[in-house]
Amino acid sequence: MRTGEVEKLTEIKEANIKFYEREGLINPRRNENGYRDFSDEDVKNINRIKTLRMLDVPIPEIKKLFDGDVQLKAVLEERLSEMNLQAKALDNRMESCRRIIKEGMELVDISPEVLSGNREEWSEKLRHIVDEDIDKRFILKGVAFTAAFAVCVKFTVVVLTMGGFSQQDTQQDTVFCFFGGMLAILCGFVYIFAEALTKQDFLYAWGKNWGGSGMGGLANSYSILGIGIGLAGTTWPLWGGLLIACIVLSAIIRMVLMHVVKEVERRK
């Protein structure tokens, strides 16, 4: 059967079906004109995937199930364990809300002491809050810092050389600026990795807020990237290409590493 029919039978969209195929969870055959031809077993597998995903079983675990590397019982027991922890945490929050309402507390009475239940679970909740309650625009701020420094440094170099690198009297200065800029870009990416993995803001004072004090607020990984771009961009096309590439790559690195760090912490 064709993709449209499978969508109707399973309530799964074509994009999801293609994703499952790329992950090796289904393997529909191709007919002569190149269209996917799904078997009844493919449809059953898609429904199995759908059901397991609704139980919050992650795709890697489903793949292991399909490959026979793990047993369904073991996977669901792990999910039950996780859900039990989540249920306990929810019970604590509900009990705390009931207590506040029952005792007629006002806003002035609210403090951590009113929280009921296991302190370790509240500490875990606090860690999630600290990660979540940040300025969601921090990546845009990183882009702004990178672009601002790249523009300022580039125009400074152009002014100092009276016409820009395309009209340099000597090639030595161009080579020096290029390699110096590339070194700064490398340092910027190293700091981005370090900041994301350690969750320390030692060079990224403005990442979570605009509160960096004095010149210290300018000493972050994104500004180092911008300085490197301004120096290494010895021609305007190269400058523009480096700017776009560094902005995209830094955003991807930051988001991926944040996700990885959170997933590692979740599994501990």
Check your understanding: Within the stretch 25-46, can one find any residue that is within 30 Å of Asn118 (Cβ to Cβ), open to solvent by 40 Å² or more (accessible area, probe 1.4 Å) and either of a type in the set (Ser, Thr, Tyr) or not in a helix (DSSP H, G or I) (or both)?
Key -> no
**Study point:** Which listed residue is more than 31 Å from the chain's Cα centre (by Cα) and under 29 Å from Leu25 (Cα atoms), from Lys102, Lys73, Lys63
**Key:** Lys73
Check your understanding: Taking interchain pairs and intrachain pairs at least six residues apart, which have beta carbon atoms under 9 angstrom, with the first residue in the stretch 23-42 and under 16 Å from Ile12 (Cα atoms) and the second part of a helix (DSSP H, G or I) and hydroxyl-bearing (Ser, Thr, Tyr)?
Key -> Ile26/Tyr20; Pro28/Thr3; Arg36/Thr3; Phe38/Thr3
Check your understanding: Only one residue in Phe155, Phe138 is within 30 Å of Ser221 (Cα to Cα) and either β-branched (Val, Ile, Thr) or at pLDDT 75 or above (or both), so which one is that?
Key -> Phe155
Review point. Which of the residues belonging to the stretch 1-60 are in contact with a Leu (Cβ under 7 Å, 6 or more places away or on another chain) and under 26 Å from Ser81 (Cα atoms)?
Key: Asn45, Ile49
Revision key, fill the gap. All conditions in (1) in contact with a Gly (Cβ under 6 Å, 6 or more places away or on another chain); (2) open to solvent by 90 Å² or more (accessible area, probe 1.4 Å) are true of Glu113 except (1)
Review point. Do we have any residue at all in the stretch 206-224 that's surrounded by fewer than 17 Cβ atoms within 10 Å (Cβ to Cβ), at pLDDT below 60 and among the aromatic types (Phe, Trp, Tyr)?
Key: yes
Study note, to complete from the structure: Note: among Glu61, Glu77, just one is within 30 Å of Arg22 (Cβ to Cβ) and in contact with a helix residue (DSSP H, G or I) (Cβ under 7 Å, 6 or more places away or on another chain), namely Glu61
Check your understanding: Quick one: which of Lys63, Lys50 is within 30 Å of Met1 (Cα to Cα), among the basic types (Lys, Arg), open to solvent by less than 60 Å² (accessible area, probe 1.4 Å) and touching a residue at least 12 places away in the same chain (Cβ under 8 Å)?
Key -> Lys50
Practice item. Being of a type in the set (Val, Ile, Thr), closer than 30 Å to Ala89 by Cα and modelled with pLDDT under 75 narrows it down to one of Ile129, Ile110, so name that one. Key: Ile129
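The values are calculated or read from the model by the stated rules, or taken from the named source; none is laboratory data. In this text the structure is predicted, and so the values were computed from the model without any measurement. Note: ideal-geometry Cβ built from the backbone for every residue, glycine included; neighbour counts use all protein chains shown. These area figures cover heavy atoms from the full protein model, side chains too; ligands, DNA and RNA do not enter into them. Shrake-Rupley method; radii C 1.70, N 1.55, O 1.52, S 1.80 Å.
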